[in-house]
Amino acid sequence: MSELVLGIESSCDETAAAVVRAGREILSSEVVSQAAEHAVYGGVVPELAGRSHLAAILPVVDRALAGAELTLDDLGGIAVTTRPGLIGSLLVGLSTAKALAFTRGLPIVGVHHIEAHVYAAAMELEDAPYPNVSLVVSGGHTALYRAESPLALTLLATTLDDAAGEAFDKVAYLLGLPYPGGPSVSALAEEGDPRAIQFTRYRAKDGKPGFSFSGLKTAVLYHLRGGDARAPTPAPESIPDRADVAASFQEAVVDTLVDNAFRAVHAEGLETLFVVGGVACNRRLREVTARRGTAEGIRTVFPSPAYCTDNAVMIAGLGWQALAAGQAADWSLDASPR
Ligand code: KG4
Ligand code: ZN
């Protein structure tokens, strides 16, 4: 069987396709982002996302195959994100994958989006270290896993409310910065003082790893209202310390993420930490994690920024692992929001 796998990703607001050989060698990667379409609404609108995936998916697959100088006949299988995500968006990718696989008699496999984010850190390494603790930080998820192998993850902790990326997106909105909030808030944070405002950090009462970001978002809101919860929210251009707010907010998020991640690594008695997902692009998070890793003798691994945010390389890569493990699906393969 050919070791070439076509990956398809459409769980949120990126339509992506990629070809990867044997789970590691990247032959092509195409990503079409819908961010600009959703920006006016300050977040992803599910109906818009589904329609845009439908328009983009076949051209994106064509470009991924052309980029790898291949046709469908060269493939050994097709991998597609089936969960979690927006159901209408997932179904666009899944039905495309099924149709293509059916016409060529190719095996098809469903991939878990979060497990694929974790695999993105392993795929670029010669000696991917397992078991490890993986911190998944994206627009939709903030969680810690113990990863025994690419296909065996156990959930250790998750967020009680918002995801870290979602907090960045909401604070960006309050500060009048464009969606997605991660890149815009972190760019403004470069000009601010991370110690200017001491936003409180969430810590679980039992001392175990855990996350919560809705209190932080509210703290930012109250700060902008001058400490008076009932005062009106000021217009972004009249906020005098916007850069300091951005930097202090980012520092609070980074502290919480790093603190909990290292606590989990030590509690599991492990020596490796993966940090993956869109928020793993964050320069300050990368810096603080690396420094702490060196100080505590923990190996820290981040994917390249292009493979932190949603992409199909990680889907094709993990899909090959699943196919190699005999986990091909049948035509009843379905999508699920959870
Ligand atoms: O993994 P991803 O592409 O999609 C989901 O699976 O959710 O993550 C997108 C999230 C967005 O919330 C975006 O604001 C955040 O990743 N993000 C960042 C940065 N770049 C992207 N957050 C903080 N700092 C960044 N540099
Ligand atoms: Zn994602």
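Inside the stretch 1-37, can you point out the residues that are charged (D, E, K, R) and either within 12 Å of ligand 1 (Cβ to nearest atom) or in contact with a Phe, Trp or Tyr (Cβ under 6 Å, 6 or more places away or on another chain) (or both)?
Glu9, Asp13, Glu14 - these are the residues of the stretch 1-37 that are charged (D, E, K, R) and either within 12 Å of ligand 1 (Cβ to nearest atom) or in contact with a Phe, Trp or Tyr (Cβ under 6 Å, 6 or more places away or on another chain) (or both).
May I ask you to verify whether Ala16 is outside any loop (DSSP other than H, G, I, E, B), over 18 Å from Gly277 (Cβ atoms) and of a type in the set (Gly, Ala, Ser)? Judged against the criteria, Ala16 is not a match. Taking the criterion of being in the same structural domain as Ala312 (by TED's automatic domain parsing), more than 30 Å from Val254 (Cα to Cα), crowded, with 18+ Cβ neighbours inside 10 Å and not hydrophobic (A, V, I, L, M, F, W, C), would at least one residue in the stretch 112-132 satisfy it? No, because not a single residue in the stretch 112-132 is in the same structural domain as Ala312 (by TED's automatic domain parsing), more than 30 Å from Val254 (Cα to Cα), crowded, with 18+ Cβ neighbours inside 10 Å and not hydrophobic (A, V, I, L, M, F, W, C). Would the stretch 305-314 turn up any residue that is of a type in the set (Val, Ile, Thr), outside any loop (DSSP other than H, G, I, E, B) and in the same structural domain as Thr81 (by TED's automatic domain parsing)? So far as the stretch 305-314 goes, yes, one or more of its residues are of a type in the set (Val, Ile, Thr), outside any loop (DSSP other than H, G, I, E, B) and in the same structural domain as Thr81 (by TED's automatic domain parsing). Regarding Arg291, is this residue among the charged types (D, E, K, R) and under 21 Å from Gly85 (Cβ atoms)? So Arg291 fails the test. In the condition set (1) surrounded by fewer than 20 Cβ atoms within 10 Å (Cβ to Cβ); (2) assigned to a strand (DSSP E or B); (3) touching a residue at least 24 places away in the same chain (Cβ under 8 Å), Leu144 is compliant with all but (1).
Residues in the stretch 207-214: is at least one at pLDDT below 95 and outside any loop (DSSP other than H, G, I, E, B)? For the stretch 207-214, residues at pLDDT below 95 and outside any loop (DSSP other than H, G, I, E, B): present. When you scan the stretch 125-147, do you find a residue that is at pLDDT 95 or above, of a type in the set (D, E, K, R) and closer than 21 Å to Thr289 by Cβ, even just one? The answer is yes; a qualifying residue exists. Checked against the criterion of being surrounded by 14 or more Cβ atoms within 10 Å (Cβ to Cβ), of a type in the set (A, V, I, L, M) and over 22 Å from the mean Cα position of the chain (by Cα), the candidates Ala246, Ala235, Ala204 yield just one match: Ala204. Can you spot a residue in the stretch 150-163 that is crowded, with 23+ Cβ neighbours inside 10 Å, of a type in the set (Gly, Ala, Ser) and assigned by TED's automatic domain parsing to the domain that holds Leu224? The answer is yes, given that some residue of the stretch 150-163 is crowded, with 23+ Cβ neighbours inside 10 Å, of a type in the set (Gly, Ala, Ser) and assigned by TED's automatic domain parsing to the domain that holds Leu224. Per the conditions (1) outside any helix (DSSP H, G or I); (2) within 15 Å of ligand 1 (Cβ to nearest atom); (3) crowded, with 24+ Cβ neighbours inside 10 Å, the sole criterion not satisfied by Tyr41 is (3).
For the residues Gly293, Gly269, the requirement of being part of a loop (DSSP other than H, G, I, E, B) and farther than 19 Å from Val19 by Cα singles out Gly269.
The set of residues in the stretch 277-298 being more than 11 Å from Ala121 (Cβ to Cβ) and either among the hydrophobic types (A, V, I, L, M, F, W, C) or in contact (Cβ under 8 Å) with a residue 40 or more places away in the chain (or both) consists of Gly278, Val279, Cys281, Asn282, Arg283, Arg284, Leu285, Val288, Ala290, Ala295, Ile298.
The values are calculated or read from the model by the stated rules, or taken from the named source; none is laboratory data. Bear in mind that the values here come from a model prediction, so they are computed numbers and not experimental data. Counting neighbours? That spans all protein chains shown, and the Cβs are built from the backbone with ideal geometry, glycine included.
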